[in-house]
Amino acid sequence: MIKNTLISVISKEEKKGSVEFQVLSFTNKIRRLTSHLELHKKDYLSQRGLRKILGKRQGLLCYLSKKNRIHYKELIKQLDIRESKTR
């Protein structure tokens, strides 16, 4: 229910280039690829694609945490993903 609310809020604002929307779309792709890989364990090209998308999402989340910590915390909570480790 929360994820649908987030999608509708971002869609209403029509900020398809915003960091939040990009993280949301990457998260949807990650979840789809993860469920695909549960069935097809030896699909190495999909594994590579998943790692690339994870890296892109991690970079965007790092950028967002530096620019706006409050939006970062809200987004992490709404998408139900772990907070990245600080380096």
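A few remarks follow.
- Pairs where the first residue, in the stretch 68-83, is in contact (Cβ under 8 Å) with a residue 60 or more places away in the chain and open to solvent by less than 90 Å² (accessible area, probe 1.4 Å) and the second is among the hydroxyl-bearing types (Ser, Thr, Tyr) and part of a helix (DSSP H, G or I), C-beta under 6 Å, 6+ apart: LEU79/THR27
- Set side by side, the residues LEU33, LEU37, LEU54 differ, and just one is modelled with pLDDT of 95 or more and more than 13 Å from the chain's Cα centre (by Cα), which is LEU37.
- Residue under evaluation ARG32, criteria (1) within 18 Å of SER84 (Cα to Cα); (2) open to solvent by 60 Å² or more (accessible area, probe 1.4 Å), criterion not met: (1)
- Hits in the stretch 40-51 (condition: assigned to a helix (DSSP H, G or I), farther than 19 Å from ILE81 by Cα and either open to solvent by 60 Å² or more (accessible area, probe 1.4 Å) or at pLDDT below 95 (or both)): TYR44, LEU45, ARG48
- Pairing each residue of the stretch 55-67 that is open to solvent by less than 30 Å² (accessible area, probe 1.4 Å) with any residue that is of a type in the set (Asp, Glu), provided the two are 6+ apart or on different chains, yields C-beta distances under 9 Å for LEU61/GLU83; LEU64/GLU20; SER65/GLU83.
- Selection status of THR27, among the hydroxyl-bearing types (Ser, Thr, Tyr), at pLDDT 95 or above, under 19 Å from ILE76 (Cα atoms) and open to solvent by less than 100 Å² (accessible area, probe 1.4 Å): yes
The values are calculated or read from the model by the stated rules, or taken from the named source; none is laboratory data. Note that the structure is a prediction, hence the values are computed from the model and not measured. Here the Cβ is made from the backbone with ideal geometry for all residues, glycine too, and neighbour counts use every protein chain on show. Quick note on the areas: whole protein, heavy atoms, side chains included, nothing else; ligands and nucleic acids left out. Shrake-Rupley method; radii C 1.70, N 1.55, O 1.52, S 1.80 Å.
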